[in-house]
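The numbers here are math on the coordinates, done by the rules we state, and not lab data. Being a predicted model, the structure only gives us computed values, none of them experimental. Heads up, the Cβs are rebuilt from the backbone with ideal geometry, glycines too, and the neighbour counts pull from every protein chain shown.
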Amino acid sequence: MLSDLPIRKIIHVDMDAFYASVAQLDNPDLKGKAIAVGGSETRGVISAASYEARKFGVKSAMSGNMAAKLCPELIFVKTDFERYTQISKQIRTIFFDYTDLVEPLSLDEAYLDVTQNKKGNPSASLIAEEIRERIFNEIGLTASAGISINKFIAKVASDYNKPNGQKTVNPEEVIPFLEALDIRKFYGVGKVTAEKMYQKGIFTGLDLKQKSIEYLETHFGKSGAYYYHVVRGIHTSEVKPNRIRKSLAAERTFSENLSSEVFMLEKLKHISEEVSRRLTKNKVAGKTVTLKIKYSDFSLQTRSKTLPYYISNKDLIFDTAKSLLYQEKLNNSVRLLGISMSNLNTETKKVPEKKSVSVQLQFAF
């Protein structure tokens with residue numbers, strides 16, 4: 001029963017079109033215009049698109065060539081992760097004024113547990129509103145927020161009134177909210193899974209709720225139990241302020257397709273240096289090196305090797321990636337190479353558990 005579970009006040013803050021909004025913030029001439037971050041008219045993949053560009057169907061992970069066809073007036077700007085990181089830190093500083101229980105998911109979104117907060121404010125909705133107002137006034141960007149009893153519902157709710165809005169799902173509204181929700185809006189249900197659910201007559205949360213846990217596990221594997229519980233408002237994962245990084249990567253898209261391994265070695269060397277730099281900056285090392293290859297036909301291939309020891313040195317990373325490159329013949333000419341490190345030594349570090357906070361369903365949201 002939902003009423004038997006620990007009920008928390010969780011806020012999910014999600015910046016609006018973050019990369020594109022930062023570009024518009026730094027260059028006022030871009031405000032109100034359709035822009036794409038990353039890629040170009042002829043090469044590469046888009047990292048983010050402004051809301052003006054999204055009206056034309058432009059979206060992240062789309063090829064620059066396709067985006068330019070959809071929106072002839074599209075302006076391409078370069079990514080600037082140093083700037084994104086700088087602003088992300090400013091945003092988190094605001095979060096920490098309200099609670100120490102902040103779990104970043106990426107540079108542009110985070111969970112906050114404000115069940116017990118530094119302001120002594122009983123209303124999570126008012127806290128979210130104040131945080132969004134401060135982000136706009138102090139930084140110049142807009143954010144959206146979802147507020148509810150757990151991370152899953154807060155995450156779903158934050159997308160409800162985007163951009164520059166918020167949605168609160170009170171305890172007594174949780175079940176009706178989830179039952180009416182389009183299955184595509186469920187966090188954890190991707191495009192492929194949604195299509196599979198449609199084929200089985202599952203279009204809304206109510207449809208999903210009518211399926212037994214056995215049925216869901218049979219057709220959706222390990223995720224079946226997750227779907228069974230979240231549609232009932234059951235998601236007990238706590239906000240973890242010390243999330244452990246599980247992987248670290250860098251990749252490059254080339255201006256021209258490369259057809260020979262010999263031409264790729266210099267590219268791999270630079271990527272290895274970048275991965276090493278990021279490992280050193282984060283004070284971690286890894287055992288598993290994975291080489292990502294995207295071919296000219298956009299097909300993907302990965303090759304991995306796990307070493308008996310942790311590494312972060314650029315030369316060792318390069319040597320391992322090089323051996324993976326020559327491991328087998330390439331399928332086609334190559335447009336992108338990437339290297340990721342996983343099986344990091346951070347995974348051996350345990351984060352202290354935080355006790356659950358049980359409160360009454362009637363408290364202010």
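Under a crude label model (7 Å from the Cα following the beta-carbon direction), how far is residue 256 from residue 196 in nanometres?
Here the answer is 4.3 nm between the modelled labels.
What whole-number distance in Å separates the alpha-carbon centres of segment 33-60 and segment 256-321?
27
On full extension of the chain, what length is gained from residue 51 through residue 277, given 0.36 nm per residue of separation minus the C-alpha to C-alpha distance?
78.0 nm
Along the charge dipole of segment 110-221, which of 180, 123, 136 sits closest to the positive end, that is, farthest toward it, with unit charges on the beta carbon of Lys, Arg, Asp and Glu (+1, +1, -1, -1)?
Farthest along the dipole direction, towards plus: 136.
In square nanometres, what is one fourth of the surface area of the convex hull spanned by the alpha carbons of segment 1-95?
8.6
If I model a spin label as a point 7 Å beyond the Cα along the Cα-Cβ vector, how far apart are those points for residue 130 and residue 267 in nm?
According to this spin-label approximation, the distance is 5.1 nm.
Label points 7 Å out from Cα along the Cβ direction at residue 80 and residue 106: separation in nm?
Placing both labels 7 Å beyond Cα along the Cβ direction yields 2.0 nm.
Which of 161, 313, 18 sits farthest toward the positive end of the charge dipole of the chain, with +1 on the Cβ of Lys and Arg and -1 on the Cβ of Asp and Glu?
313
Based on the Cβ-Cβ distance of residue 96 and residue 215, what FRET efficiency does E = 1/(1 + (r/R0)^6) give at R0 = 45 Å, to the nearest 0.05?
With R0 = 45 Å, the Cβ-Cβ based efficiency is 0.55.
Rg (Å, one decimal) plus Dmax (Å, integer) for the alpha carbons of the chain?
When restricted to Cα atoms, the chain yields Rg and Dmax of 22.4, 66 Å.
Under the definition of Cα pairs under 8 Å and six or more residues apart, what whole-number percent is the relative contact order of segment 170-243?
Relative contact order here is 30 percent.
If you build a Gaussian network model of the chain, linking Cα atoms that sit under 10 Å apart, which residue out of 287, 119, 191 swings the most?
191
Let me have the relative contact order for the chain, percent, based on Cα pairs under 8 Å that are six or more residues apart.
17
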